[in-house]
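Working notes, beginning with the structure itself.
The values are calculated or read from the model by the stated rules, or taken from the named source; none is laboratory data. Predicted, not measured: the structure shown is a model, and the values here were computed from it. Heads up, the Cβs are rebuilt from the backbone with ideal geometry, glycines too, and the neighbour counts pull from every protein chain shown. Side chains are part of the model used for accessible areas, which takes the heavy atoms of the whole protein and leaves out ligands, DNA and RNA. Shrake-Rupley method; radii C 1.70, N 1.55, O 1.52, S 1.80 Å.
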Amino acid sequence: MIHQESEKLDLTSALSLRAFSGFKLKIYYVFFLLLTISVLPAEARPLDLTVKKMVLEVSSDSGLIIKALTLSNGQELTLKTPLPLFSLIISEKQVSSNSVQPEGGKPASLTFTADEPAGENLNFQLTERIRARLSQKKSPYPGISLVLRLENKSPESLRLENLVPLAEGPDRVYITAGLPNRWPHYLSRTLLYRPGKKPLGLLLPDNAWHLGFCDLTIAPGINLTALARRGQSEKAEIRRWVATVEPGGFLEYNLHFDTHSAEIIPYSGLAEDLLFPPEPWFGGLQMMFQKRFLYDLEKFDDHLYQREDLKWVRKAYLMLLQFAWDHNYYDRERQKFTFYESLLAWDKLIGGVDIYAIWPTWPRLGLDQRNQWDMYRELPGGLDELKKQVAFAHQKGKKYFISYNPWDASTRPEEHLKAMEELLRELQADGVILDTRGESSREFQEMADRVKPGIIMYSEGMAVPLNLPGIVTGRVHDALYLPPPLNLNKFIKPENAIFRVIQLGEGRFRREASVAFFNGYGSEINTMRPGRPETIEEDLRYLGRTLKILRENHSAFISPSWVPLYPVLIDGVWANCWPADSKIIFTVFSLKPEGYQGPLIPVKDGTGYHFVSLWRHEELKPEKIGDQLYLPVELEAFSYHYLDTRLEGSVDCVAVLPEIIKASRYRDKIAIKLAQKPAGGRLVVTPGNPSYETQNAFFPASDIEFSLWEKFRGKGEKIVIQLFSPAGELLDEKVISLPLALPRLVTRTRTTPLSDRAPEGMVEIPAGEYAFTTIGNPDDANPVIPYPEKAEGEKFMITRFFMDKYPVTNAQYEVFLKKTGYRPKDPTNFLKHWKNGKPPRGQENHPVVWVSLEDAEAYARWAGKRLPTEVEWQYAAQGHDGRLYPWGNELDPTRCNHKTGQTTAVDAHPTGASPFGVEDLVGNVWQLTADVYDNGVYSYVMIKGGSYYSPEGSIWYPKSGPLQLNRQQTLLLISPGLDRNATVGFRCVKDAVQR
């Protein structure tokens, strides 16, 4: 197939410039490529194709270019538009290979074959000062590997840097240094360049900061990818970014080229069904970093990573490293260890330290002849005290590390491995910090294994790919003051446990926590530097939010299928995708000071799962743009003054979760049903956003129902329900938003002694299905103090019970007082209308008033009864047909006390009885129910029926008189004295034997 490069450049440039209205166009471009590929014969499709031959040509007209490629299926690609082999910077001047001159001015070409390395070289003049030679080298991997030798033929030193294979260009993806070589970027200059997007900072392995990478489409469905690494040198000073070659010296670069499919599907299961493929260049990144380990290794020995005893460190997301001289370790004035308190001091902010590490050596080591092991032995209390500390840490579920200084060679002689082994065995410690080392060794791990299983070697830096098989942890050193947003060390080996060092003494560290979270790894709080800012607690709380998500979604954050920079809608807002077996996590990070709120992450449509922001704990609904669905995110704005400080940046975290939890709310009741009930799992319910400080309710993984008031009182504007596996992995999360000032039912119905027949003065209320409907004040649609949420025909199965035929009378209450001697603690207004402890003459059969809720409950308990719930009261008054008044649907003043201005006898209106024979339900006195609500600010009890007193001089008075049965009214509660009213009485109910 013949492919014209110029046509591809035009198309991709147009797509890139459209940006993200652009993502849609890029999807169409992928579809175009797939359609193009689909018409190719099967042998021409790009899956698993590699480069078998590469034809290079050098001439005065086009310089050094890739002329043609032959793929492993025999397909030949002739590139009509010249493709430079590389570009680089020579003494601050950009040079591309398409400007080189052939040696002697004579054009030349050379074919490099993967299986048969060429024995001849291609020589050319890169510049007037540099002679170049290109040769082939053998590689254990497919594709073509070349060696570019650059010789300095000038009398001056030359600075070589930023060699990018296939050359830099606006139409391709490439990696090279781009930030200035000064603080704070002098250790983190590498950038990822993508067409139409702003460059993004990358963190690379310590031996590959200088590397060059490039990936571009060379034919429909086929991408060419390339990697450049420095090789041998002579008479050259090699620095991280720049190599300075002296006159007569040389520097070699190893160049690696291969092809890959433009559409890579790195995931399976739920992720494959839901997600779009990564952008085409991802296949090149995956090939060079994750599959070929930057050509540092021929094969990755996975032995340590497969060991079950070492896997615990992957679930450790927070380490605390402490000097032995720290006041929070030992108080020299009191001669007392403070370690035991300080180890737990931050638990409620960060969920606890997973690993504690003690450092008693440098910078005191070497002041006298004592060696590093002596420093441990001569700490206060000696090794016996350290053993206690280790045991205490283990008791609290934490690990304990010691520190090792391999450079300690001039103090009292003691064989290092032997001394380390003895100390580990004596203390039963769990790991060793390897100072100044980026790797471990077989000898170290074998020594640790002799002590006990599970001892971890922890290097000072991140191991380079060559050393990764020998160590399962590493750290992002604090020398990187502002680490780049994306750490490709995590991509190389996702199971390697990385910790970002946070120096408390350097001030704010919100950005450090954000970047570690974005990259799916933990943090090491390093307290070596003095200084403890007042903002520590605020930043620790923020760190705790990130740690909680990392710990609870651990399986996703070690996924070998994770995708850095999943394609999103908005440039400058980045998303990493972490697919696990049954869920997907997206960590989102941005350095936009203005923040961002809106659609971002493209997903496919489907069923069986839902979307939640784990950062904000909100249920998400995909937003549709054209035919495409996007998950929305919300990233907080921050001050422009925070740019280039450790306060810049904001995060979000979006989860795709299976629909396991079905949860609903009825008023203040939460009902939960689970589609899966994992044995040993648990439900955790939180009022508001979960954190290590919040009060949670814990339940076994089963169907449950509970009262918000009983579990959380008045807390929370939302209820977050989380289902966890026995190992603590989040399986699903459901969020129920709560109205502000939601009235929560405080009281629970207590059961009275059961009766089979109606006691004297009571009538039977039969069992039945009841449709419960309520209304508030029709003249006040938005009351200042909200009523309980309206019921709209809600179905209740009412069990048989008995209700007082009449409200409790003055005479009945007098008997209660004589029998019990009851006197309220606060007698203010108690039976205010009585004279000399007696009911007013002639009102013995009137309803008792001037009683509080507590007074009514005391009577009910004495009588072996209780107050009715609002539902019971209304059912007894309405019967089965939902009538508005006990006698029917129209107000009849003859059937009740109709605004007479005074109470009447309870049996004065027998024609006003309900279908079940209950009388005096409306118009005489308001009647207390058992339903007390609290909205977090106020408490009130529901009263029903209206009263004789109905002031009408202002709209602000409560409506009264005989009210409809479904009408609600609240009685605000403060103290019994003020709660007692001339218009409020009560009646009782009693539970019945069911028939």
Within the stretch 700-729, considering residues that are open to solvent by 40 Å² or more (accessible area, probe 1.4 Å) and in a loop (DSSP other than H, G, I, E, B), the one nearest to LYS673 (Cα to Cα): ASP703
Among (1) at pLDDT 95 or above; (2) open to solvent by 10 Å² or more (accessible area, probe 1.4 Å); (3) under 18 Å from LEU550 (Cα atoms), the one test that VAL588 misses: (2)
Any hit, the stretch 789-802, residues being of a type outside the set (Val, Ile, Thr), without any contact (Cβ under 8 Å) to a residue 40 or more places away in the chain and touching a Lys or Arg at 6+ places or on another chain (Cβ under 9 Å): yes
Members of the stretch 331-350 that are buried (at least 21 other Cβ atoms within 10 Å of the Cβ) and in a loop (DSSP other than H, G, I, E, B): LEU343, TRP346
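Residue by residue, here is whether (1) on the phi > 0 side of the Ramachandran plot; (2) open to solvent by less than 10 Å² (accessible area, probe 1.4 Å); (3) part of a helix (DSSP H, G or I) holds:
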| site | (1), (2), (3) |
| --- | --- |
| SER403 | no, yes, no |
| PRO406 | no, no, no |
| GLU426 | no, no, yes |
| TYR481 | no, no, no |
| LYS490 | no, yes, yes |
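For every residue, the table says whether it meets (1) touching a Leu at 6+ places or on another chain (Cβ under 9 Å); (2) open to solvent by 40 Å² or more (accessible area, probe 1.4 Å).
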| site | (1), (2) |
| --- | --- |
| ALA228 | yes, no |
| GLN232 | yes, yes |
| GLU237 | no, yes |
| GLY248 | no, yes |
| SER268 | no, yes |
Enumeration of residues in the stretch 440-464 that are open to solvent by less than 10 Å² (accessible area, probe 1.4 Å) and not in a loop (DSSP other than H, G, I, E, B): MET447, ALA448, ILE456, MET457, TYR458, SER459
Residues of the stretch 588-597 that turn out to be in contact with a helix residue (DSSP H, G or I) (Cβ under 8 Å, 6 or more places away or on another chain) and either without any contact (Cβ under 8 Å) to a residue 12 or more places away in the chain or part of a strand (DSSP E or B) (or both), as a count: 2
Any pair with Cβ under 8 angstrom, 6 or more apart, that starts in the stretch 825-836 at a residue that is at negative phi and ends at one that is surrounded by 15 or more Cβ atoms within 10 Å (Cβ to Cβ) and of a type in the set (Asp, Glu): PHE830/ASP855
Residues satisfying the stated conditions in the stretch 351-364, i.e. touching a helix residue (DSSP H, G or I) at 6+ places or on another chain (Cβ under 9 Å), more than 30 Å from ARG541 (Cβ to Cβ) and open to solvent by 20 Å² or more (accessible area, probe 1.4 Å): TRP362, ARG364
Considering residues of the stretch 914-967 that are polar (S, T, N, Q) and surrounded by fewer than 21 Cβ atoms within 10 Å (Cβ to Cβ) only, the residue nearest to the chain's Cα centre (by Cα): ASN935
Residue among ALA429, ALA409, ALA419, ALA393 that alone is free of Cβ contacts under 8 Å to residues at least 12 places away in the same chain, out of contact with any Ser or Thr (no Cβ under 9 Å at 6 or more places or on another chain) and among the aliphatic types (A, V, I, L, M): ALA409
Failed condition for ALA219, given (1) buried (at least 22 other Cβ atoms within 10 Å of the Cβ); (2) under 33 Å from the mean Cα position of the chain (by Cα): (2)
Members of the stretch 465-479 found to be closer than 17 Å to LYS315 by Cα and either over 28 Å from the mean Cα position of the chain (by Cα) or open to solvent by less than 10 Å² (accessible area, probe 1.4 Å) (or both), listed by number: ILE471, THR473, GLY474
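Select from the stretch 787-807 the residues that are of a type in the set (A, V, I, L, M, F, W, C), within 46 Å of the chain's Cα centre (by Cα) and open to solvent by less than 40 Å² (accessible area, probe 1.4 Å) and list them in ascending order. Show your work before the answer.
Filtering the stretch 787-807 down to residues of a type in the set (A, V, I, L, M, F, W, C) leaves 791, 796-798, 801-803.
Keeping just the survivors that are within 46 Å of the chain's Cα centre (by Cα) gives 791, 796-798.
Within the stretch 787-807, ALA791, ILE798 qualify.
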Sole residue being touching a Gly at 6+ places or on another chain (Cβ under 6 Å) and modelled with pLDDT of 95 or more, chosen from VAL922, VAL918, VAL941: VAL922
Test: residue in the stretch 498-521 that is in contact with a Gly (Cβ under 7 Å, 6 or more places away or on another chain) and of a type in the set (Phe, Trp, Tyr): yes
Contacts under 6 angstrom Cβ, first residue in the stretch 512-528 being under 16 Å from PRO484 (Cα atoms), partner crowded, with 23+ Cβ neighbours inside 10 Å and at pLDDT below 95, 6 or more apart: VAL515/PRO483
Close pairs (6 angstrom Cβ cut-off, 6 or more residues apart or separate chains): more than 17 Å from MET762 (Cα to Cα) and in a loop (DSSP other than H, G, I, E, B) in the stretch 904-915, of a type in the set (A, V, I, L, M) and open to solvent by 40 Å² or more (accessible area, probe 1.4 Å) anywhere: none
Residues of the stretch 408-424 satisfying the condition of being surrounded by fewer than 19 Cβ atoms within 10 Å (Cβ to Cβ) and among the acidic types (Asp, Glu): GLU414, GLU415, GLU421, GLU422
Qualifying residue in the stretch 521-537 (condition: of a type in the set (Gly, Ala, Ser), out of contact with any helix residue (DSSP H, G or I) (no Cβ under 6 Å at 6 or more places or on another chain), open to solvent by 10 Å² or more (accessible area, probe 1.4 Å) and modelled with pLDDT under 95): no
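Checking the condition touching a Phe, Trp or Tyr at 6+ places or on another chain (Cβ under 6 Å) and either open to solvent by 60 Å² or more (accessible area, probe 1.4 Å) or touching a residue at least 12 places away in the same chain (Cβ under 8 Å) (or both), which residue from LYS990, LYS899 passes? Quick ask: steps written out before the conclusion?
On the way: LYS899 fails: touching a Phe, Trp or Tyr at 6+ places or on another chain (Cβ under 6 Å).
From the options LYS990, LYS899, the qualifying one is LYS990.
Can you report the number of residues in the stretch 133-157 which are among the hydrophobic types (A, V, I, L, M, F, W, C) and surrounded by fewer than 22 Cβ atoms within 10 Å (Cβ to Cβ)? Step through it out loud before you land on a result.
Filtering the stretch 133-157 down to residues among the hydrophobic types (A, V, I, L, M, F, W, C) leaves 134, 144, 146-148, 150.
If we keep only those that are surrounded by fewer than 22 Cβ atoms within 10 Å (Cβ to Cβ) too, we end up with 147.
Qualifying residue count for the region: 1.
Looking at this structure, is LEU569 in contact with a helix residue (DSSP H, G or I) (Cβ under 7 Å, 6 or more places away or on another chain), among the aliphatic types (A, V, I, L, M) and not in a loop (DSSP other than H, G, I, E, B)?
Working: in contact with a helix residue (DSSP H, G or I) (Cβ under 7 Å, 6 or more places away or on another chain): yes; among the aliphatic types (A, V, I, L, M): yes; not in a loop (DSSP other than H, G, I, E, B): no.
Answer is no for this residue.
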Members of the stretch 839-883 that are in contact with a helix residue (DSSP H, G or I) (Cβ under 7 Å, 6 or more places away or on another chain) and farther than 20 Å from TYR806 by Cβ: SER852, GLU854
Elements of type strands (runs of 3 or more DSSP E) contained in the stretch 598-699, each with 1 or more residues being of a type in the set (Gly, Ala, Ser), open to solvent by 20 Å² or more (accessible area, probe 1.4 Å) and in contact with a Ser or Thr (Cβ under 9 Å, 6 or more places away or on another chain): 669-674
